[in-house]
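One structure is given below, encoded as structure tokens.
The values are calculated or read from the model by the stated rules, or taken from the named source; none is laboratory data. These numbers come from a predicted model, not from an experiment. Here the Cβ is made from the backbone with ideal geometry for all residues, glycine too, and neighbour counts use every protein chain on show. To get the accessible areas, we keep the full protein, side chains included, count just its heavy atoms, and leave off ligands, DNA and RNA. Shrake-Rupley method; radii C 1.70, N 1.55, O 1.52, S 1.80 Å.
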Amino acid sequence: MKQRLLFLGPPGAGKGTQAVKLAETHGLLHLSTGDLLRAEVAAGSALGQEAEAVMARGELVSDALVLAIVRGRLGGHAGGWLLDGFPRNLAQAEALDSLLDSLEQRIELVVLLDLDDAVLIQRLLSRGREDDNEVVIRHRLEVYRQQTAPLIEHYRSQGLLQAVDAAGTVEAIGARIGSLVDPG
Ligand code: B4P
């Protein structure tokens, strides 16, 4: 079984949905930077106040802020983990590579959840979170293409990337991911 995993994919591909299930069945620490940022916003912390407007516009929160969150959580954790929504650009990926080197915890598998824009937009509109209106969704997709999609090559060149078709039922997609995490 792969113990140190990363989920990559456009907004609305179902990273969070699949990560929650896999973390539960496999006893992994689930680290969603989106959830952690939303918790800071809800708590009204200084960090949350800084992140709130950025998230509402569909842009990326500063690398320093997100890295501080991730470093704090991974630093004290010895078991397996699943990173969901992080890294989101090359600077974050490089910072993560050196953090994991220093912790001697290399990534074992990167799962790319692949889905058409039309389905993504439909899913996000029906989720109805605060940052899920059509103008913001289209901007987030653009940010994904420009800043996050280059990570596909970053991880492919390290031999870590596996793509999964993210269309279909939650169960069917979960089974596709499961067969990569527990390869026979
Ligand atoms: P995230 O919280 O990461 O949200 P997401 O990418 O939009 O969603 P995800 O792909 O997890 O989809 P979900 O399972 O919910 O990011 C939000 C914001 O936080 C970013 O825009 C950014 O501002 C900030 N942020 C986060 N991380 C950052 C970082 N590292 N650096 C800087 N900024 C960062 O699924 C979507 C919907 O589809 C749900 O309603 C779900 O129920 C539904 N669904 C899922 N699977 C389905 C299926 N098989 N069939 C039908 N519906 C399905």
### Task
Kindly identify segment 13-59 as rounded, prolate or oblate by the Cα gyration tensor criterion: order the square roots of the eigenvalues as a ≥ b ≥ c, call it rounded if a/c is under 1.5, otherwise compare a/b with b/c, prolate if a/b is larger, else oblate.
oblate
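For the full complex of protein chains and a 1.4 angstrom probe, list Thr169, Thr148 by accessible area with the highest value first.
Thr169, Thr148
Take Glu130, Glu24, Glu153 and sort them by solvent-accessible surface of the protein heavy atoms, 1.4 Å probe, largest at the top.
Working: Glu130 175, Glu24 150, Glu153 100 Å².
Sorted by accessible area, descending: Glu130, Glu24, Glu153.
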### Task
Would you mind classifying segment 102-184 by shape? Square roots of the alpha carbon gyration tensor eigenvalues, ordered a ≥ b ≥ c; an a/c under 1.5 is rounded, otherwise it is prolate if a/b is larger than b/c and oblate if not.
oblate
### Query
Ignoring ligands, DNA and RNA, how do Arg88, Arg138 rank by accessible area with a 1.4 Å probe, largest first?
Arg138, Arg88
### Task
Write down the percent of antiparallel bridges among all DSSP beta bridges whose residues are both part of the chain, to the nearest 5.
0
### Message
Run the helix sum for the chain: -39,500 (n - 2.57) per DSSP H stretch of 4+ residues, divided by residue count, reported at 222 nm to the nearest 500 deg cm²/dmol.
### Response
-17000 deg cm²/dmol
### Query
So how exposed is Met55, as accessible area in Å² (1.4 Å probe, rounded to 10)?
30
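Could you give the dipole magnitude of the chain about its Cα centre, charging the beta-carbon of Lys and Arg +1 and that of Asp and Glu -1, in debye to the nearest 20?
Details: 18 positive and 25 negative charges, 42 e Å.
So the magnitude is around 200 debye.
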### Message
Pairwise over distinct Cα atoms, reciprocal of the mean inverse distance: report the Kirkwood radius of the chain in Å, one decimal place.
### Response
16.7
### Task
Determine how large the accessible area of Arg123 is when every protein chain is in place; take a 1.4 Å probe and give Å² rounded to the nearest 10.
70
### Query
In the full protein assembly as shown, how much of Val170 is accessible to a 1.4 Å probe, in Å² to the nearest 10?
60
### Three-way shape label, segment 138-183, alpha-carbon gyration tensor, a/c 1.5
oblate
